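Student: The structure that follows is given in the form of structure tokens.
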Amino acid sequence: MSQSHSPTDSRLADAQATFDRMRSRLNAVRIAYARSLPFDGKEVTYDDLRRVASETIQANYELQKCRYGSIRLKLSVSKLLRRGW
């Protein structure tokens with residue numbers, strides 16, 4: 001028997017892929033910031049780091065909404081940058 005995928009399954013897969021991509025980007029930007037290396041052809045500032053962290057949090061919230069129907073775990077930029085992922 002073939003199993004059909006519902007729109008929520010594809011939405012969940014898209015949200016997971018977006019979150020994984022953003023998490024990898026955050027790690028790369030974080031390393032570039034800590035080592036004063038260029039990223040995407042320019043020097044990384046703290047504002048850039050905060051922006052990428054905020055985008056990662058938004059991707060995580062979308063993933064939580066897809067999985068659980070609501071946001072169960074609130075994140076902050078400061079905690080995310082302090083702890084890592």
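The values are calculated or read from the model by the stated rules, or taken from the named source; none is laboratory data. What you see is a predicted model; the values in this text were computed from it and never measured. Virtual Cβ from ideal backbone geometry, glycine too; neighbours counted across all protein chains shown.
Student: State all residues of region 27-68 that are at pLDDT 95 or above and of a type in the set (Asp, Glu); if no residue qualifies, say none.
Tutor: Within region 27-68, Glu43, Asp47, Asp48, Glu55, Glu62 qualify.
Student: Another question, then. Is it true that some residue in region 34-47 is of a type outside the set (D, E, K, R), surrounded by 18 or more Cβ atoms within 10 Å (Cβ to Cβ), out of contact with any Asp or Glu (no Cβ under 7 Å at 6 or more places or on another chain) and assigned to a helix (DSSP H, G or I)?
Tutor: Residues of region 34-47 that are of a type outside the set (D, E, K, R), as a first pass: 34, 36-39, 41, 44-46.
From the residues that got through so far, the ones that are surrounded by 18 or more Cβ atoms within 10 Å (Cβ to Cβ) too are 44.
Then keep just the ones that are out of contact with any Asp or Glu (no Cβ under 7 Å at 6 or more places or on another chain); that gives 44.
Still in the running and assigned to a helix (DSSP H, G or I): none.
For region 34-47, residues of a type outside the set (D, E, K, R), surrounded by 18 or more Cβ atoms within 10 Å (Cβ to Cβ), out of contact with any Asp or Glu (no Cβ under 7 Å at 6 or more places or on another chain) and assigned to a helix (DSSP H, G or I): absent.
Conditions (1) hydroxyl-bearing (Ser, Thr, Tyr); (2) assigned to a helix (DSSP H, G or I); (3) surrounded by fewer than 12 Cβ atoms within 10 Å (Cβ to Cβ), marked per residue:
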| position | (1), (2), (3) |
| --- | --- |
| Leu49 | no, yes, no |
| Glu55 | no, yes, no |
| Tyr61 | yes, yes, no |
| Ile71 | no, no, no |
| Leu80 | no, yes, no |
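Student: Hey, could you check region 15-33 for residues that are free of Cβ contacts under 8 Å to residues at least 12 places away in the same chain and farther than 28 Å from Ser70 by Cα and say which is surrounded by the most Cβ atoms within 10 Å (Cβ to Cβ)?
Tutor: Checked region 15-33; the qualifying residue surrounded by the most Cβ atoms within 10 Å (Cβ to Cβ) is Ala28.
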